[in-house]
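Q: Let me begin by handing over the structure; questions about it come next.
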Amino acid sequence: MAEGLKIEIVSPERLLVSQTVQSVTVPGTEGYFTVMADHAPFMTTLRAGFITVTGDNSAEIFFVRGGFADVSPEGLTILAEESVPFSEFDHADLQAQIKAAEEELSRAETPDDKSYAQLFVSGLLNLALEAEQLNGAHIH
Amino acid sequence: MPSLKDLKNRIDSVRSTQKITKAMQMVAAAKLRRAQDAAEAARPYAERMGRVLSSLAAVYDGQSDAPVLLGGNGKDQVHLLIVATGERGLAGGFNSSIARLARDHANKLLAEGKTVKFLTVGRKGHDILKRQFADKIIETISYRDVKSIGFAQASEVSQKVQALFAAGEFDVATLFFAKFNSVISQVPTATQIIPAKIEHVEGEGEIVNNSAVIYEYEPSEEAIVEDLLPRNISVQVFRAMLENSASFYGAQMSAMDNATRNAGEMIGKLQLSYNRQRQAQITKELIEIISGAEAL
């Protein structure tokens, strides 16, 4: 078996993770992707979502918002605008954001504004769904 | 000659000043530790950002179609000076040395016939610069009530700067802050942030070679660069703010240390003259008593 994948998750305020793991699933702008050792060099921006870090017999989840991932021969570096462990993820705050975004949508007048706000709302709703799934909670 | 009572009052007041400066020094030392930790924690992000950006920017080297944040808008007329200082004084020459660097830079630009605008981050810088450039300060951002500077504040500043740039308010932006070397040495520094100056890290030959590996980009290389450049400005501002706060506490600590020592010296001198006078008075009284007894 190939040796593990070296990953680093860095937010502007601190270095969250620096370890060698089996695989990492990352929310890229164009969809989730999983990186394992010896992945081809690859760079992408990220959307808000959850990073799953899978070790030998454990999995850790991190919330990430904005930033980008850099897969190089040395490993995976995630430069996140904002990143916290899933246990610290603030569900109430997300709900508040969804509410604010929905209000924004109802106020939007031009089609451009509307589609932008719609995109924003659905992004947040998706995020809430994912969070609930990860939590094992009942989905409404 | 001040009386004994006057001297006693002076000594008491200097002593209480010394207590205050001593306390401030200790508070600054504790805060410095935290500021230094924060600055260190932010370093990996900035380093990796610089690395990624320099490998991406290499593509645009010498090309004219580079994004404006990287290649500039082709003009060099209006300069924006972003001056980051502390919110408080009592830190020796900390605030004034940053302001002086910015002022010298501004005067040089003005002499060349350029237009200069200021954006001050921190109340003290504004106070100093408004004496000479009151009409040129376009905005002042103050984080007096913010307990510890986070990335949120830095991105707020950077968004303001970018909005100004997008509105064509300036062509070149330079950031002024004090780089933290050690507790006793903080160096006022100027960094140009728009158009971005990409630093090529020296002595890291292998990494530069690795960037020659063919990358796949998603969504596209241009999109990533476009996304990265504004973020880089936030990171630069954030780094400057953290360096600044570490420098500020360092400067305050050594300033207060000096003040405490000076107060100690002063107390010593005052105590000496107090004792001399007291002794002189006792001698005088003794003479009076003895000569009075002899006269009887």
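The values are calculated or read from the model by the stated rules, or taken from the named source; none is laboratory data. Quick caveat: nothing in here was measured; it's all calculated off a predicted structure. With ideal geometry, Cβ positions are generated from the backbone for all residues, glycine too; neighbour counts draw on all protein chains shown.
Q: Quick one: what pairs do we get from the stretch A:73-102, first residue at positive phi, second among the basic types (Lys, Arg) and at pLDDT 85 or above, C-beta under 7 Å, 6+ apart or different chains?
A: From the stretch A:73-102, the pairs are A:Gly75/A:Lys6.
Q: Which condition does B:Ser55 not pass, out of (1) under 16 Å from B:Val237 (Cα atoms); (2) within 14 Å of another protein chain (Cβ to nearest Cβ), if it passes all the others?
A: Single failed check for B:Ser55: (1).
Q: Of these, B:Ala23, B:Ala39, B:Ala29, which one is within 11 Å of chain A (Cβ to nearest Cβ), assigned to a helix (DSSP H, G or I) and modelled with pLDDT of 85 or more? Give the derivation first.
A: Numbers: B:Ala23 fails: within 11 Å of chain A (Cβ to nearest Cβ); B:Ala29 fails: within 11 Å of chain A (Cβ to nearest Cβ).
Going through B:Ala23, B:Ala39, B:Ala29 in turn, the sole match is B:Ala39.
Q: If only one of A:Glu74, A:Glu102 is touching a helix residue (DSSP H, G or I) at 6+ places or on another chain (Cβ under 8 Å) and surrounded by 15 or more Cβ atoms within 10 Å (Cβ to Cβ), which one is it? I'd like the intermediate steps shown before the answer.
A: On the way: A:Glu74 fails: surrounded by 15 or more Cβ atoms within 10 Å (Cβ to Cβ).
After applying the criteria, what remains is A:Glu102.
Q: Looking only at the stretch A:105-116, which residues are in contact with a helix residue (DSSP H, G or I) (Cβ under 6 Å, 6 or more places away or on another chain) and under 29 Å from A:Phe62 (Cα atoms)?
A: Our first condition is that a residue be in contact with a helix residue (DSSP H, G or I) (Cβ under 6 Å, 6 or more places away or on another chain); within the stretch A:105-116, this holds for A:105, A:108.
A:Leu105 - this is the single residue of the stretch A:105-116 that is in contact with a helix residue (DSSP H, G or I) (Cβ under 6 Å, 6 or more places away or on another chain) and under 29 Å from A:Phe62 (Cα atoms).
Q: Residues to consider are A:Ser72, A:Ser83; find the one that is within 17 Å of B:Tyr45 (Cα to Cα), more than 17 Å from the chain's Cα centre (by Cα) and of a type in the set (Ser, Thr, Tyr). Give the steps one after another, and end with the answer.
A: Values: A:Ser83 fails: more than 17 Å from the chain's Cα centre (by Cα).
So the residue among A:Ser72, A:Ser83 that is within 17 Å of B:Tyr45 (Cα to Cα), more than 17 Å from the chain's Cα centre (by Cα) and of a type in the set (Ser, Thr, Tyr) is A:Ser72.
Q: Is it the case that the stretch B:208-224 has a residue that's under 30 Å from B:Lys114 (Cα atoms) and either modelled with pLDDT of 90 or more or part of a helix (DSSP H, G or I) (or both)? Give the derivation first.
A: Here is the first cut: in the stretch B:208-224, the residues under 30 Å from B:Lys114 (Cα atoms) are none.
No; the residues of the stretch B:208-224 include none that is under 30 Å from B:Lys114 (Cα atoms) and either modelled with pLDDT of 90 or more or part of a helix (DSSP H, G or I) (or both).
Q: Given the criteria closer than 22 Å to B:Ser55 by Cβ, surrounded by 18 or more Cβ atoms within 10 Å (Cβ to Cβ) and hydrophobic (A, V, I, L, M, F, W, C), does A:Ala48 qualify? Step through it out loud before you land on a result.
A: Values: closer than 22 Å to B:Ser55 by Cβ: no; surrounded by 18 or more Cβ atoms within 10 Å (Cβ to Cβ): yes; hydrophobic (A, V, I, L, M, F, W, C): yes.
Spelling it out, it is not the case that A:Ala48 is closer than 22 Å to B:Ser55 by Cβ, surrounded by 18 or more Cβ atoms within 10 Å (Cβ to Cβ) and hydrophobic (A, V, I, L, M, F, W, C).
Q: Then there's this: Which of the residues that make up the stretch B:65-98 are crowded, with 19+ Cβ neighbours inside 10 Å, touching a residue at least 60 places away in the same chain (Cβ under 8 Å) and not in a loop (DSSP other than H, G, I, E, B)?
A: Answer for the stretch B:65-98, where residues must be crowded, with 19+ Cβ neighbours inside 10 Å, touching a residue at least 60 places away in the same chain (Cβ under 8 Å) and not in a loop (DSSP other than H, G, I, E, B): B:Leu69, B:Leu70, B:His79, B:Leu80, B:Leu81, B:Ile82, B:Val83, B:Ala84, B:Phe94, B:Ile98.
Q: Within 14 Å of chain B (Cβ to nearest Cβ), in a helix (DSSP H, G or I) and either surrounded by 14 or more Cβ atoms within 10 Å (Cβ to Cβ) or acidic (Asp, Glu) (or both): does that describe A:Asp112?
A: Details: within 14 Å of chain B (Cβ to nearest Cβ): no; in a helix (DSSP H, G or I): yes; either surrounded by 14 or more Cβ atoms within 10 Å (Cβ to Cβ) or acidic (Asp, Glu) (or both): yes.
When the stated conditions are applied, A:Asp112 does not pass them.
Q: When only residues in the stretch A:41-65 that are charged (D, E, K, R) and within 14 Å of another protein chain (Cβ to nearest Cβ) count, which is nearest to A:Ser83 (Cα to Cα)? Explain how you work it out, then say what you get.
A: To start, the set of residues in the stretch A:41-65 that are charged (D, E, K, R) comprises A:47, A:56, A:60, A:65.
When the remaining residues are screened for being within 14 Å of another protein chain (Cβ to nearest Cβ), the result is A:47, A:65.
Working: A:Arg47: 12, A:Arg65: 6 Å.
Applying the filter and picking the extreme gives A:Arg65.
Q: Return the total of residues in the stretch B:109-164 being of a type in the set (Phe, Trp, Tyr) and modelled with pLDDT of 90 or more. It would help to see each step written out before you state the result.
A: The initial filter retains those residues of the stretch B:109-164 that are of a type in the set (Phe, Trp, Tyr), namely B:118, B:133, B:143, B:151.
Imposing the further condition that a residue be modelled with pLDDT of 90 or more reduces the set to B:118.
Adding up the residues that qualify gives 1.
Q: Does any residue of the stretch B:153-160 turn out to be on the phi < 0 side of the Ramachandran plot and either more than 14 Å from chain A (Cβ to nearest Cβ) or assigned to a loop (DSSP other than H, G, I, E, B) (or both)?
A: The answer is yes; a qualifying residue exists.
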